[in-house]
Amino acid sequence: MDDINLILERIYNNLTLTLAGCGFVPEYPEGTQRGAVPIVTDGNKKIISFRGEGKAIKIEYFDKRLTVSGALKDGEISDGDLAIISNSILDPEDVDDKQIKYFSNEIAESVTERFSPAAEKKVRKQKAPQTISKNKVENGGMSYDETTLASRIAGIYPRLKDEYKKNYETYGTLLADEFFTEHANAVIIDTIRRNNPNEMKKLFAILNELYLDGTNNTQSLIAVTILGSLDNDMQLLANCTGYMTPELLSPVVRVNKYLATSKNAKLRLENPPAYKPKKKKNFLGSRIEK
């Protein structure tokens, strides 16, 4: 089967009951008859959009990738509010009935987990995620977590505060990997590239402290997800060297060397899997030794 329109039509039909149960109705582009599959063609993209009260979903096919994005928000929802909830590789030439069913089930599961009445109620009540204070680390035997790292980084970069808030409001929890790969890493790398002493001291004061007293996942986030994105650039690494503690410097150098020689690892770093509730991701954390 190689007709992407036909594939999308079958996925759309498989999702009808799930989307209706989550309060969504399809958006019909001008000139499309009611009851027809509302596929919009935008260049090489194929798009199907749905709306509900205070929520939206977009199914998009482009360049052999099937992506589903969604958002919950009071007020008007724009494309910039949408966050990826499902992301799959789809090659129309290799798709059969079994795979169409798989894609449909994958999307239905992601939509239900995020937009079912019970899930939506929980997300809309979600408060800002709890962070770990320095006092709790020093006196309570606790370790800094990924949420604390994201919060501290957003605190020194005001432009990231809205993305930080949108991240936890979208998922009902803070997805630190997505926050950094999609937003914060670019800001951090820009700081490292400029190499302003005051900015670098402020940034690495956070990274050094939270690496030293962080959980394994927090350490992996710093050394792999964030500083691994230096892409083994010798100048950028040299800019960081004088600001990193020995405990952080060693794994960062090793991670950059490893990613430079492993295309698969680099691809996983740049394209983390879409969020799956109750499933913890362990990415390269075991490769970082203290």
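The values are calculated or read from the model by the stated rules, or taken from the named source; none is laboratory data. Bear in mind that the values here come from a model prediction, so they are computed numbers and not experimental data. Note that each Cβ is placed from the backbone with ideal geometry, even for glycine, and that neighbours are counted across all protein chains shown. Just the protein is used for accessible areas: all its heavy atoms, side chains included, with ligands, DNA and RNA removed. Shrake-Rupley method; radii C 1.70, N 1.55, O 1.52, S 1.80 Å.
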Rounded, prolate or oblate: which fits segment 26-126 when a ≥ b ≥ c are the square roots of the eigenvalues of the alpha-carbon gyration tensor, with rounded for a/c under 1.5 and prolate only if a/b beats b/c? oblate
Extended-chain gain in nm, criterion 0.36 nm per residue less alpha-carbon gap, residue 88 and residue 16: 23.9 nm
Under 18 Å between alpha carbons - lysine pairs in segment 57-185 that sit 8 or more apart or on different chains: 20
Percent RCO, i.e. relative contact order, over segment 180-256, from Cα pairs under 8 Å lying at least 6 residues apart: 37 percent
How much of the DSSP bridge set in the chain is antiparallel, in percent, rounded to the nearest 5? 95 percent
Starting from the Cα gyration tensor of segment 188-256, take the square roots of the eigenvalues, sort them a ≥ b ≥ c, and report rounded, prolate or oblate (rounded when a/c is under 1.5, otherwise prolate if a/b is larger than b/c, else oblate). oblate
Do you know the relative contact order of the chain, to the nearest whole percent, from alpha carbon pairs under 8 angstrom that are 6+ apart? 13 percent
How large is the accessible surface per residue of segment 52-193, computed with a 1.4 Å probe and reported in Å² as a whole number? 52 Å²
At 1.4 Å probe size, what's the solvent-accessible area of residue 165? Round to the nearest 10 Å². 100 Å²
Taking residue 45 as the anchor, which aspartates and glutamates have their alpha carbon closer than 13 Å to its alpha carbon, excluding any fewer than eight residues away along the same chain? 60, 63
Shape call for segment 148-219 from the C-alpha gyration tensor, a ≥ b ≥ c root eigenvalues: rounded (a/c under 1.5), prolate (a/b greater than b/c) or oblate? oblate
For the chain, the percent of accessible surface on carbon and sulfur atoms (probe 1.4 angstrom, ligands and nucleic acids excluded) is 47 percent
Estimated inter-spin distance, residue 241 and residue 205, nm [label 7 Å along Cα→Cβ]: 2.5 nm
